[in-house]
Amino acid sequence: MKGLAPLFIGIFGTFAFSWVGLTVIPNWQIGHLNPQMEEDGTDVYPQPQSGMVERGARVYAANGCIYCHSQQVRPDYAGADIERKWGDRRSAPRDYIFERPVSLGKMRMGQDIANIGARAPAEQENAPPVGAASPAASPAPQGGAAAPSAAPSGANPSPTAKAGSPPPGAPPPKATASPSPAGSPATSPAAPPASPAPSASASPGPNPPPASPAPPAAANASPAASASPAAGAPWPVQTSGQPPMYSAAWHHVHLYSPRSINVDSNMPSYRFLYQTRRITDAPSADALKLTGSEAPTEGWEIVPTYDAKCLVAYLMSLNQSHPLKGIRSAATASSSPSPAASPAK
């Protein structure tokens, strides 16, 4: 009986010290963080989100998205998230001060989406809806999209360029270097190898060989991007005939039919967030642009519900690309070798 008191005190002390170390001290350290801002009160980050975004976060959690996607870019010493281009810097506590609860994620069946909103094309829906015009015109929508979707666009034309570039690789620096500026806008797949050609042609014959291998290296990097995001292309690759990657319309198609975007996707379809209805006067501007077997029958359309719109608004709000004081960014780290890279261009 004499040993019961020390036993209970030891058990209580263990739980007390654990609670203090895991709850009290972290809350004291980071529990009262304020948004970062400049001295004049500008450039505030982060900012409170809209009601649709908050509702979308609840839809995200209710449908178990947290079990397959994380929202935490790990530092260099803990993973290769920055190398995979999932973010320019590691996530920090300040990124989550307005999120209740924080959806850090449990595991990664898919990519980390902490910065998926930063990949949305600048013009979003209005960018290039001509993607559905012809599958052969797939480079056009990819090039028409902003920088985030331009990277994957390189992944589609590059395999053909990679296969065809060796034969024309030798002639272009000699014969096609001069007409390349005129031909580059007309043929977007040929534009990447043609653009360095003028710089190569400006130098004498011995110099082009060192410059000409550079474009193939870039071309070879883009097909590898589909396998390794470290090459710069976000997953997945831009699909021909689909809206620009990471636009609102693209997210709706991806949620409704994931395998129309990526045939190897194991993501479940969230069709219950959409409704099929008959077209009355004119097709709705929100109607999903589906092709093939997924397209609705004549006179019908598939439109997102309010919960689907909120979920997409939440996904497009996820953006941790804002620089934070005291957190090193990959962009600043890569700025030092850029002078050495610029002469190569």
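What follows is calculated from the coordinates using simple rules that are stated; it is not laboratory data. Since the structure is predicted, the reported quantities are computational estimates derived from the model, not experimental observations. With ideal geometry, Cβ positions are generated from the backbone for all residues, glycine too; neighbour counts draw on all protein chains shown.
Before moving on, here are some points about what is shown:
- Computed from label points 7 Å out along Cα-Cβ, the spacing between Ser265 and Glu298 is 2.9 nm.
- Spacing of the modelled spin labels on Ala61 and Arg328, each 7 Å from Cα toward Cβ, amounts to 3.5 nm.
- Taking amide H as placed 1.01 Å from N in the peptide plane, Tyr274 has its amide H under 5 Å from the amide H of Thr305, each at least 5 places away in sequence or on another chain.
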